[in-house]
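A quick write-up on the structure given underneath.
Please treat every number below as a calculation from the coordinates, not as lab data. What you are looking at is a predicted structure, and each value in this text was computed from that prediction instead of being measured. With ideal geometry, Cβ positions are generated from the backbone for all residues, glycine too; neighbour counts draw on all protein chains shown.
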Amino acid sequence: MVFHMVLLRVKKSVTKPKLAKVMNSIGALKQVISGMASYAWGPYSSPEGLNKGFTHGFCMTFKTAKQRNGYLTHPEHENVKMAVLSILDGGIEAVVAFDFEA
C-alpha cells in the first residue's frame, strides 16, 4: 500500500465553500484515475502545535507505486493541482508531499 500525504498552507482569505470545492475535487479524481483506494482531507486539529504553519492536509492510498505514479502524471491531476495552488499562501512553497509504502 502506498500512502500519499500532502500538507498545505491555505490562504486565510479562502472561504470554507471554496476550500471544500477544491479539496473535494481532489477526491473526485478517484472516479477518473484508477488505483486510488481512499482519500480523506481536513484542517489541522492536533493540540501539539507542530504543524509549522500548515493548515490543512490530505491523504490518499494506492495499492501499488505504479498506480500512484499514474495518478501523479495524469492530466486531470494537473488540472486539480492548479486549483490547489490557487488557494495556497505561497504557491508550491506552501506544500509538503510525503509518500511511503507499508
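The table below lists the values:
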quantity: Every residue from segment 1-36 that is among the aliphatic types (A, V, I, L, M) and touching an Asp or Glu at 6+ places or on another chain (Cβ under 8 Å); calculated: Met1, Val2, Met5, Val10, Leu29, Val32, Ile33
quantity: Test: residue in segment 52-73 that is over 12 Å from the mean Cα position of the chain (by Cα), within 26 Å of Lys16 (Cβ to Cβ), assigned to a loop (DSSP other than H, G, I, E, B) and without any contact (Cβ under 8 Å) to a residue 12 or more places away in the chain; calculated: yes
quantity: Search result, residues across segment 10-39 that are under 11 Å from the mean Cα position of the chain (by Cα) and either charged (D, E, K, R) or more than 19 Å from Ala65 (Cα to Cα) (or both); calculated: Val22, Met23, Asn24, Ser25
quantity: Number of the condition not met by Met5 [criteria: (1) touching a residue at least 40 places away in the same chain (Cβ under 8 Å); (2) in a loop (DSSP other than H, G, I, E, B); (3) in contact with a Gly (Cβ under 9 Å, 6 or more places away or on another chain)]; calculated: (2)
quantity: Filtered residues of segment 74-102 (kept if in a loop (DSSP other than H, G, I, E, B) and either aromatic (Phe, Trp, Tyr) or over 16 Å from the mean Cα position of the chain (by Cα) (or both)); calculated: Ala102
quantity: Output for segment 50-90, where each listed residue is touching a helix residue (DSSP H, G or I) at 6+ places or on another chain (Cβ under 9 Å) and among the acidic types (Asp, Glu); calculated: Glu76
